[in-house]
1. How high is the relative contact order of region B:384-495, in percent, counting Cα pairs under 8 Å that sit 6 or more residues apart?
2. Over the Cα atoms of the protein assembly as shown, what Rg and Dmax result, in angstrom?
3. Whole angstrom only: what separates the Cα centroid of region A:358-391 from the Cα centroid of region B:240-292?
4. Rg/Rh for chain B to two decimals, with Rh computed the Kirkwood way over all alpha-carbon pairs.
5. Kindly provide the GluC sites (Glu not before Pro) of region A:173-229 that DSSP labels as loop, not H, G, I, E or B, and whose Cβ sees at most 16 other Cβ atoms within 10 Å.
6. Quick one: work out the % antiparallel among DSSP beta bridges in region A:191-327, nearest 5.
7. What is the pair-distance distribution P(r) of region B:108-225, computed from all Cα-Cα distances in 10 Å bins starting at 0, with each bin given as a whole percent?
8. Just to be sure I understand: of the beta bridges DSSP finds with both ends in region A:114-181, what percent are antiparallel, rounded to 5?
There are 2 protein chains.
Amino acid sequence: MPLITFQPSGKKTNVPAGTNLLDACHRAGMGVPASCGGKGLCGKCRVRIVSGKVPPHVGYEQALSPSEAAAGWRLACLVSVESDLVVDVGETSAIRSVILTDFGGVRPEPDHEVKSVPLELPKPSLADQTCDIGRIMRGLGLEEYPRCALALMQQLARKLREHDFRINAVLFGNELLAVEKFRPESRALGLAVDIGTTTVAGLLFDLQSGQALAVASRTNPQAVHGDDVVTRIDYANRGDEARKKLQGLIVGALGEILAETCASASAETGEVFFIAVGGNTTMHHLLLGLEPVNIAASPYIPVAKRGWLTRASHVGLRAGEGARLYTVPNISAYVGGDIVAGLLAYDLHNCDETVLLVDVGTNGEIALRADGATYACSTAAGPAFEGARISCGMRAATGAISVVGKRDGKFFIETIDDAPARGLCGTGLLDAVALLLDCGLLDETGYLLDRDEAKDACPELAERIIEDKTGTAFLLAEKSNGHPHLALTQKDIREFQLAKGAVAAGVRVLLETVGKNTSDLTRVCLAGGFGSYLKPASALRTGLLPQGIKPGAVEAVGNSALAGTRLCLLSGRMRDEAERIAREVKYIELSGQLSFQEAFTDEMEFPV
Amino acid sequence: MPLITFQPSGKKTNVPAGTNLLDACHRAGMGVPASCGGKGLCGKCRVRIVSGKVPPHVGYEQALSPSEAAAGWRLACLVSVESDLVVDVGETSAIRSVILTDFGGVRPEPDHEVKSVPLELPKPSLADQTCDIGRIMRGLGLEEYPRCALALMQQLARKLREHDFRINAVLFGNELLAVEKFRPESRALGLAVDIGTTTVAGLLFDLQSGQALAVASRTNPQAVHGDDVVTRIDYANRGDEARKKLQGLIVGALGEILAETCASASAETGEVFFIAVGGNTTMHHLLLGLEPVNIAASPYIPVAKRGWLTRASHVGLRAGEGARLYTVPNISAYVGGDIVAGLLAYDLHNCDETVLLVDVGTNGEIALRADGATYACSTAAGPAFEGARISCGMRAATGAISVVGKRDGKFFIETIDDAPARGLCGTGLLDAVALLLDCGLLDETGYLLDRDEAKDACPELAERIIEDKTGTAFLLAEKSNGHPHLALTQKDIREFQLAKGAVAAGVRVLLETVGKNTSDLTRVCLAGGFGSYLKPASALRTGLLPQGIKPGAVEAVGNSALAGTRLCLLSGRMRDEAERIAREVKYIELSGQLSFQEAFTDEMEFPV
């Protein structure tokens, strides 16, 4: 098996011949970015082959210049490992994902349903012939026998005696999940995960205190088989094998996030007994292995909308013994658990005002609370805000440009962790477009001025207008660190227009459906899995939200899907509430609605 | 693979070389008896090798005379099949098990928890986007989503569309077990099973009407590894493999009973969605794969006493899709679900009188209701009443002598189905001993008179006293049908004394424990898995019950374990009641009690 040595860390790993180099990097824990999921389309997985044989660079020509290719640069996703290699992946080990964890909204109140209870049980005697499970019941002070899987019951006699009746009993409500070695200060951990179409983000919690311990995120590895849900469902429809492959990919990512967050928190994955997952309906189906085929075609029917409580092992995810897996319920084929979690996180479904929740992900999901009822719809916004389909896009992680603006007449950027710029994340994208509009470098149709035209419109930024292989572009950061310059291209702006137009059109149609205007909205919660809070001003300036919304009404709430999923992780009451939301929200089908097509065409343009 | 041809049926079967001939007979459905479970100890699995090579008869010399062996007779359990054989097994195909199904006691009231509901569902449309499971919920008129295993949910989309939304939904309470092809008059069946240490008996029910459809029984195939529970636990303790083997054997027997009862009722095993099992605590542990090790040694601790509701597939039993398996709860290591079922069947635990339930199986389990509380104990009676350890013993099936007596001064027997006598079952054994005592052929110490002594005591029966290889014996039936004569030997009578002495001693000690006398008993229910009702007079005459019980108080109730298990099959309320019984009954430990040893010694003798 070929040996790969990673620089600068010096880490070595053997992989079977034929392994994809990007896969090998990820398995070895190297945070090489790949927003297209390894399809050779984003050009972001650049690595340098220091020694060893690889074939010439073929495909995606813009990604590497001939001189770069000659110097050993390759896109890792296009390289098959056939012999020993030394590969420079840059300082990826220092790259951390950024997931907002200072959620506002509803405060979590852990109900301690999942807990690990230390027990020193009296040993059996002729005077005390209580059965093994009854002894545990008594030790726990329960009135009824706890529920218990047959597999655990089959080992119970041995486990109790191996540990000499000094054990920790791990409970989920009235179910005994595991019997473990006695540990007086034991804890039970839980993982809340937002499975987005493009990005997967996880937060590890101490289920006793409700405290967040660690975060991690990944590109959704299913993206290799399509970067939107419909393409991914098409792939799943090839057969059971394909569906199982997609399930395996997302379960693999959950396993990595589990391992990474546990490592960060100096915990064992075996201490994690509950995993709560929010995501859109397709992600939910693919995780559980449900057939998504009828989601893709009219009349768009999911197998199940309700929340599921199963075992992590039933989907092949290894965590603590008997660990439970919960999926937040969905509303419809295209309004998923992420929006249920979002409504839950900010208690919007109980609100008396006219309020809007806009979750900007690969799908733009929108919920409206008006006149005591809640409505929701979904639009295919595309993954621009998550870094995909944007030439220099990346997810929110170390080195991502998250803020773009002008201060004292001068252009500036801020990057996550103040690291050298490596790409542009969603918040930076929104800021950059808003800046270009403010400076007159971008017109209402989305046309990016060339440098000559720019000199008139905004002399101080004109020199940042460049011409590269794809045409006119706006330079965000100079070449550095083995990475090419970072620029927002005309094509990127078109992608952005598609995304924001879909969201704004969805908001408009939803308001029209219930006979409301944008001015009626007293609160607009702008959510998404960004690394920092979106600037409401940028959202309004770029027309991500339709005209007429009061600026003061808009607030950025971060990853509301993750915020709500964490509530479900920590509290059974919250899971009941999520179930109620999923049942009560009225779904508005936009597909085939002429009014949506018209609004979409309008909203593609930028506000004057 | 050698080919075996069975005569007289002509049925042929191939088996791997080295297969035990008794196993081969059973797998081919030939009802060759083997009350010792195939250990070469009972001599009952006599078959004749018509052609083909088998080694000479070795072992258990009394079973076959040299001339019989020369004529091709062998004990099937001692023959390894190495080449093609033609084997005459006699008219075994006409042999049916006899299980009493006209139970008295509590009448079953099916609560229709398990049912197969035909549904013609409206197809989805843009105006009706209900999810698949929601559509079924609506069709069933439910308010909440039914529970559903992930495995079924993964196939739900496909199944609904394959059947064009015309389905049968099989429900167990609020759980969807299966989705099947539409059948307007579909039914759901259930199997109630009494797993005895020696005999396994099953009854197939229509769960809608509560009607019994078919019966079947088997020798418990675990008997090969010990004919009492302690020996069997010793075997299980050899390791996981041994425990799994015992589990596989009993699951195999359940599968055979399932197949046989379904075939009798012209049903498919796939229509059986619920299986309720009663049995002693060891049988319960071995079926579920729980470790029985701590049952065998002081202080006698079972893993779990409570009733279990799991899936049949979890123990490897194939029935209807998603079929559930329920085990009746146990009271202690040696008072099992069979006694709980017995108390339930006759509502004894709610009774205000002083009543006794005596279940005569391989273990004699005894329950006493007195002063508003219920007590129970257990004695190791041995399997005499189930045909094992009695030289001509057999279980209650066609040809078993079930009644023995004297009418108009003449000896007579009755056999099950009026067939030629093939052996002696439990009720016949009791009658035979009672007759010998009445006629003075048996004294109070258990000594069987020789023919000379008998001529004085009872001239009309004296000539039935014979001397065979084992000593003095009482002839029950002449040689016939390839079978030797049937006789009750002195050794058989000693086995009987051990069994009845243990039961009577248990009753005495239990009464003493609560300060009652035999004369206080207003009702004594005599139960066991017999093919016909025990004669109370014989039970009193032989001292199976201790002296002082009013003859009018004794009633024979048949297989109360099966009667109660069928109630649990048909009704959730009865399962709750069983749980309450198991919790409330006070267990009295006899082991190490001097009073029990003394009573046992006394009760071995026969009443004068």
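Rule-based calculations on the coordinates, nothing more; no lab input. These figures come from a predicted structure and were not determined experimentally. Note: ideal-geometry Cβ built from the backbone for every residue, glycine included; neighbour counts use all protein chains shown.
1. 23
2. Rg then Dmax for the protein assembly as shown, in Å: 38.7, 140.
3. First find each Cα centre; the distance between them is then 53 Å.
4. 1.01
5. A:Glu185
6. If I count the DSSP bridges inside region A:191-327, around 65 percent turn out antiparallel.
7. 13, 34, 25, 17, 8, 2, 0
8. 90
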